[in-house]
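Engineer: One structure coming up, written as structure tokens, with questions to follow.
Throughout, read-outs are computed from the coordinates displayed, never taken from laboratory work. In this text, all values refer to a predicted model and were calculated from it rather than measured experimentally. Counting neighbours? That spans all protein chains shown, and the Cβs are built from the backbone with ideal geometry, glycine included.
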Amino acid sequence: QVQLVESGGGLVQAGGSLRLSCAASGGAFSSYSMCWFRQAPGKEREFVAALSRSGYSTYYADSVKGRFTISRDNAKNSAYLQMNSLKPEDTAVYYCAAVKSEPGTKPADYNSWGQGTQVTVSS
């Protein structure tokens with residue numbers, strides 16, 4: 001299975017932007033669909049965005065549609081989440097996940113996970 005490491009989290013004011021990165025190793029990155037989930041304190045892990053292996057199909061949670069963009073660079077074995085117009089309710093630990101099939105929207109659909117990166121949006 002591919003190993004994943006997230007980076008790019010931090011503290012930002014409402015309305016600001018952050019770009020999360022997910023570096024993959026140990027597998028054929030282009031064979032994996034990539035996904036971002038997030039988990040706020042006391043809440044379940046929730047789907048944010050997913051990207052197919054080809055990169056042609058993207059999926060977004062309604063709460064982030066129009067503000068977040070998922071992308072990948074197979075040459076760099078990396079996936080990204082560009083987050084714009086951030087809101088305090090976007091505060092969470094963000095996780096990168098991968099699966100060697102078409103992307104799903106449930107955590108159980110994925111079998112490779114990163115350790116997470118904290119995103120905090122202040123009002």
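Engineer: On alpha-carbon atoms, Rg over Rh for the range 68-123 using Kirkwood Rh?
Structural biologist: A ratio of 0.99.
Engineer: Given a cut-off of 23 Å, what percent of all Cα-Cα pairs of the chain lie beyond it? Could the numbers behind the result be given before it?
Structural biologist: On the way: 1604 of 7503 pairs.
Counting every Cα pair in the chain, those more than 23 Å apart make up 21 percent.
Engineer: May I ask you to list the aspartates and glutamates whose Cα is less than 16 Å away from that of residue 65, ignoring any residue fewer than eight positions away on the same chain?
Structural biologist: 46, 89, 90
Engineer: So what J values fall out for the range 25-37 if you push phi through Karplus, 6.51 cos²θ - 1.76 cosθ + 1.60 with θ = phi - 60°, rounded to Hz, Gly and Pro as x?
Structural biologist: These are the phi-based 3J(HN,Hα) values: 8, x, x, 7, 4, 5, 7, 10, 6, 10, 8, 10, 10 Hz.
Engineer: Next question. Only bridges whose two residues both fall in the chain count here: according to DSSP, what percent of them are antiparallel, nearest 5?
Structural biologist: Antiparallel: roughly 90 percent of the beta bridges in the chain.
Engineer: Using a cut-off of 24 Å between alpha-carbon atoms, which lysines can reach residue 100, once sequence neighbours fewer than 8 places away in the same chain are excluded?
Structural biologist: The qualifying lysines are 76.
Engineer: Moving on. If I model a spin label at residue 61 and residue 115 as a point 7 Å from the Cα along the Cα→Cβ vector, what separation in nanometres do I get?
Structural biologist: In this crude spin-label approximation the distance works out to 2.3 nm.
Engineer: For the range 23-78, what are Rg and Dmax over the alpha carbons, in angstrom?
Structural biologist: 12.5, 37
Engineer: Something else: Want the number for residue 100 to residue 87: 0.36 nm per residue separation, take away the alpha-carbon distance, what's left?
Structural biologist: Full extension of this stretch gives 1.5 nm more.
Engineer: Follow-up. Lone cysteines in the chain, defined as no other cysteine's Cβ under 4.7 Å from theirs: which are they?
Structural biologist: 35
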